[in-house]
Amino acid sequence: SLTKTERAIITSIWDKMSVQADAIGTETLERLFSSYLQTKTYFPHFDLHPGSPQLHAHGSKVVAALGDAVKNIDNMQVALTKLSDLHAYVLRVDPVNFKFLSHCLLVTLATHFPADFTADVHAAWDKFMSIVSSILTEKYR
Ligand code: ZNH
């Protein structure tokens, strides 16, 4: 689980990214769909061209969900229950894709906040995203 220092790092980066949630979520998805083409297969009903309204809307939702996790950092499992059910039972996203999405978010954070993105910040966010990802994939058979 996350140390006190890691929690502080995650919260402080969240404060910066929350005010540009749309831009960060959209860029994360643009990077995901251009680097890991197979991830597009989960969104046959979306217009996935860079900057599309659906990309913006979905990117904002994903970042908002990360915000819920940050705000409930001591109780993430409970906060993410509904999303965990959705990904496991309805969407059935192959867990490997969570690693790709996490990577794309980290790259996006690094480009938006270059001065903040130290090795410690990188490591804390990597750990946070792997905890969120394991909660979202833990109900898979
Ligand atoms: Zn997911 C959906 C989050 C990952 C795919 N998602 C979703 C949502 C959210 C999320 C919030 C919305 C829900 C509602 O509406 O209710 N995700 C998330 C997160 C993550 C994720 C946080 C990580 C960390 N996903 C993911 C992946 C994938 C996905 C990796 C693949 C690739 N999702 C998805 C889909 C959907 C979702 C497909 C649905 C969409 C629509 O709208 O249709």
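Just so you know, all these numbers are worked out from the coordinates, no wet-lab data involved. Fair warning: this is a prediction, and the values are worked out from it, not measured in the lab. Here Cβ is always computed from backbone atoms with ideal geometry, including for glycine, and neighbour counts include all displayed protein chains.
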Kirkwood hydrodynamic radius over Cα pairs of region 19-134, then Stokes diffusion coefficient at 20 °C and 1.002 mPa s, in µm²/s: 146
Where nothing but the Cβ of Lys and Arg (+1) and of Asp and Glu (-1) is charged, how large is the charge dipole of region 8-82 around its Cα centre, in debye to the nearest 20? 120
For the chain: relative contact order, % (alpha-carbon pairs under 8 angstrom, 6 or more apart): 33
So what's the gap between the Cα centers of region 1-75 and region 91-141, to the nearest angstrom? 9
Please give every one of the lysines within straight-line cross-link reach of Lys40, meaning a C-alpha to C-alpha distance under 22 Å, and leave out same-chain neighbours fewer than 8 residues apart. Lys61, Lys99
With -39,500 (n - 2.57) per DSSP H segment of 4 or more residues and division by the full residue count of the chain, the 222 nm estimate, nearest 500 deg cm²/dmol, is -21000 deg cm²/dmol
What list of ³J(HN,Hα) couplings, whole Hz, do you get for region 29-44 from phi and the Karplus terms 6.51, -1.76, 1.60, once you set θ to phi - 60° and write x for glycine and proline? 5, 4, 5, 4, 6, 8, 8, 10, 4, 5, 5, 5, 5, 7, 10, x
